[in-house]
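Asks: Once you've had a glance at the structure underneath, I'll fire off some questions.
The values are calculated or read from the model by the stated rules, or taken from the named source; none is laboratory data. Fair warning: this is a prediction, and the values are worked out from it, not measured in the lab. Cβ atoms come from the backbone with ideal geometry, glycine included; neighbour counts cover every protein chain shown.
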Amino acid sequence: MKRRPITKAAGSTTEGEGASSKELLEAQSHLWLHIFSFINSLSLKTAVELGIPDAVHSHGRPITLTELATKLAIPPIRIPNFQRFMTLLVHNGFFTVTSTSNEDVYAITTNSIPLIKEKGACITPFIEFMLDESLMLPWQSLSSWFKSEEPPTAFEKAHGTFIWEATKTMPGFGKLVREGLASDSTSITKVLIEDCRDQFLGVKTLVEVAGATGTIALAIADAFPDVKCTVFDLPHMIEALEKSDKVEYVGGDMFERIPPADLLILKWVMHGWNDEQCVKILKNCKEAIPTKEKGGKAIIIDKVMDTSDGVHPKITETQLHFDIHVMAQGSREPKLNGKRSSTRLDSKSTRYCLHWDCVRSSRYITEICMIT
């Protein structure tokens, strides 16, 4: 689907000609901001690796710099540098700081709550996954990848294998992927269960397609004990899982067949495949569920490109960043843009009616009713 044009940044000119010395200096500042933007991501990763959010939270009250350094086993010689590091984390909104006569005192913010392990919706494994060296390396090959016709993705150029094959062949990578996707599923599952409960009315069977650790299926099994839940993924992914007796586990290939159910859930699946492959997945979904009249449906949870008016610039920026990131790692083409769409799949005019059920930040939960 054609994208809507993105509005140019304020102060930009058509050709950039005739800029004053002051404007050129401001342009350099703009470039510097982007040059050093990687520091925000890697500082967040460092904070997670050090356990700063957990240390501040577990203290039970605002914590001084010295107390924090002691809890984290930061040697005294590093404390001045550690204070500089905390200043950046405060600026980025992860902590607050109060300067007393003696030293700085830190406290958590809403932004740091998802980083605290005991809160139950901790996304630190997702951060570790997204910022792991294995996903950073393809960026070093991106310029040469753009100039070549093969391989299909920058990840393959950097590692010599497709990202999902790498979960089998690269030591530790499969575990990193499973845990990262599972932690991301926790928060979105809460929204799904609390805000979209009506989608589960009358549902007797559910399959989480390409479910990795089955986080969503397990949460739904807890919330709706009468629903029989199944986790479906590649055999090697299923074999590596720590099993639960609350759900069933089935190994297979979604491009060949999807187990039958009243409701299918596909979270973070569609963005990793091109349009032809997505159509194949959706056709297999159609074969797996009853008709719309009998309550058959699929729910897709994914990011989409939506640069329409009214979208917060930070959400648009996140969408653009994520789009390019998955392009480098394994996605061939961008996905849906806009609020509604229908996709014609064959000459018999079988189509999929899409409508948004819930919108949270830059993530969309979409119900797909199969109509013949």
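Asks: Inspect the range 199-217 for any residue being among the aromatic types (Phe, Trp, Tyr), assigned by TED's automatic domain parsing to the domain that holds Met130 and in a loop (DSSP other than H, G, I, E, B) and give the result as yes or no.
Replies: no
Asks: Separate question: From the list Glu276, Glu248, pick out the single residue that is assigned by TED's automatic domain parsing to the domain that holds Cys229, among the acidic types (Asp, Glu), modelled with pLDDT of 85 or more and closer than 18 Å to Ala217 by Cβ.
Replies: Testing whether each residue is assigned by TED's automatic domain parsing to the domain that holds Cys229, among the acidic types (Asp, Glu), modelled with pLDDT of 85 or more and closer than 18 Å to Ala217 by Cβ leaves just Glu248.
Asks: Being surrounded by fewer than 17 Cβ atoms within 10 Å (Cβ to Cβ) and closer than 18 Å to Glu118 by Cβ is the filter; apply it to the range 52-70 and report the residue that is nearest to the chain's Cα centre (by Cα).
Replies: Ser58
Asks: Still on this structure, please answer the following. Given the criteria of a type outside the set (Phe, Trp, Tyr) and more than 30 Å from Gln329 (Cβ to Cβ), does Thr100 qualify?
Replies: yes
Asks: Out of (1) crowded, with 16+ Cβ neighbours inside 10 Å; (2) modelled with pLDDT of 95 or more, the odd one out for Phe255 is which?
Replies: (1)
Asks: Which of the residues spanning the range 83-127 are in a strand (DSSP E or B) and polar (S, T, N, Q)?
Replies: If the condition is that a residue be in a strand (DSSP E or B) and polar (S, T, N, Q), then Thr96, Thr98, Ser99 are the ones that fit.
Asks: Still on this structure, I have one more. Would you mind telling me which numbered condition in (1) more than 20 Å from Val207 (Cα to Cα); (2) free of Cβ contacts under 8 Å to residues at least 24 places away in the same chain Met327 fails?
Replies: (2)
Asks: Output the qualifying pairs, or none if there are none: Cβ atoms under 7 angstrom, residues six or more apart or on different chains, first residue in the range 61-75 and farther than 12 Å from Val105 by Cα, second residue in a loop (DSSP other than H, G, I, E, B).
Replies: Hits for this filter: Leu72/Gly51.
Asks: Okay, moving on. Look through the range 211-236, keep the residues that are closer than 14 Å to Ala261 by Cβ and among the aliphatic types (A, V, I, L, M), and return whichever of them is surrounded by the fewest Cβ atoms within 10 Å (Cβ to Cβ).
Replies: Ranking the qualifying residues of the range 211-236, first place goes to Val227.
Asks: With the structure loaded, tell me whether Ile74 is at pLDDT 95 or above, out of contact with any Asp or Glu (no Cβ under 9 Å at 6 or more places or on another chain), in a loop (DSSP other than H, G, I, E, B) and surrounded by 13 or more Cβ atoms within 10 Å (Cβ to Cβ) or whether it fails that test.
Replies: Criteria met by Ile74.
Asks: Here's a check for you: in the range 237-252, which residue that is closer than 17 Å to Val177 by Cα and acidic (Asp, Glu) is surrounded by the most Cβ atoms within 10 Å (Cβ to Cβ)?
Replies: Once the filter is applied, the top-ranked residue is Glu239.
Asks: Here is a follow-up. Can you give me the number of residues within the range 2-34 that are among the hydroxyl-bearing types (Ser, Thr, Tyr) and at pLDDT 90 or above?
Replies: 3
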